[in-house]
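First comes the structure, then the notes that go with it.
The values are calculated or read from the model by the stated rules, or taken from the named source; none is laboratory data. All figures in this text were calculated on a predicted structure; none of them were measured in a lab. Cβ coordinates were reconstructed from backbone atoms using ideal geometry, including for glycine residues, and neighbour counts include every protein chain displayed.
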Amino acid sequence: MANRLRSFARWGYFYVSMFRERERYRVWRMRCRFVSKRRVHQMVELVGGYPIKLHLGCGGYFMEEWVNCDLRPRSKRVLRVDLLRKLPFRDGSIKFVYTEHVLEHFSIDELRVMLKHIFQTMQEGGVFRIAQPNLQTMIEDSLSSTNWINQKARISVTKEKDLPTGTHYLNFIWNAWGHKFNHTFESLKYELELAGFRKVIGCLYRQSDYLELLSLEQRSEEEDPLIIEAVK
């Protein structure tokens, strides 16, 4: 009887904890929907007013003279923004947008919603620079015994026995860290053009024709990231 009561107590605690987490998440999502105009105005004024440079999905990396945004801000210097909703800025008010390792966390339908919002708030001639994992590199590494072993050595969250072959490595990378849709240059170019961007080019690591977009990447060049600039 005592064991049964302890079992009920454990399961009761589990369900109560789960309910609390879901409720906290619901409240947090509601808060994300509403960003006060005053807060946005303050952030814009801090970087000198419109037009602005927008850093989306900044995490813990803050770029000076940019408006840094994230769904879960880690600092008061970061504006809470839900990329699946209309961005809280004037249409045509953004000159540059930068994201690094963000787009792969969105499904294709979510990505299209996000690109629509970004395109709407950018000014004519504005540039959107994207850095993210390169699906083509992932596939090539999985087919090369040397490459996938080298890649595996950089994945500290796994043990060697978990990735015995390149196929195991590819499937791990595909599903790891909340990734929903990994892109090649061709697939991301298609989505950007579908959103309305008129010029989409591939770029080298930390290199750009625009002074404001130089040396932005923080992840290692060894990862061979997919880097793209799209002009509105």
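The residue pairs whose first member lies in region 177-194 and is closer than 19 Å to residue 97 by Cβ, whose second member is in a helix (DSSP H, G or I) and among the aromatic types (Phe, Trp, Tyr), and whose beta carbons are closer than 9 Å, counting only pairs six or more residues apart or on different chains, are 192/119. Among the criteria (1) at pLDDT 95 or above; (2) part of a helix (DSSP H, G or I), the one residue 216 does not fulfil is (2). For region 195-219, a residue qualifies if it is within 22 Å of residue 64 (Cβ to Cβ) and either surrounded by 13 or more Cβ atoms within 10 Å (Cβ to Cβ) or touching a residue at least 60 places away in the same chain (Cβ under 8 Å) (or both), and the qualifying residues are 203, 205, 206, 208, 210, 212, 213, 216, 217, 218, 219.
Quick one: would you say residue 78 is among the aliphatic types (A, V, I, L, M), within 19 Å of residue 118 (Cα to Cα) and at pLDDT below 90?
No.
Every residue, every condition in (1) modelled with pLDDT of 95 or more; (2) at positive phi; (3) surrounded by 14 or more Cβ atoms within 10 Å (Cβ to Cβ); (4) not charged (D, E, K, R), yes or no:
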site: 25; (1), (2), (3), (4): no, no, no, yes
site: 43; (1), (2), (3), (4): no, no, yes, yes
site: 74; (1), (2), (3), (4): no, no, no, no
site: 82; (1), (2), (3), (4): no, no, yes, no
site: 108; (1), (2), (3), (4): yes, no, no, yes
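Scanning region 60-113 for residues that are acidic (Asp, Glu), free of Cβ contacts under 8 Å to residues at least 12 places away in the same chain and either in contact with a strand residue (DSSP E or B) (Cβ under 8 Å, 6 or more places away or on another chain) or not in a loop (DSSP other than H, G, I, E, B) (or both) yields a single hit, 109.
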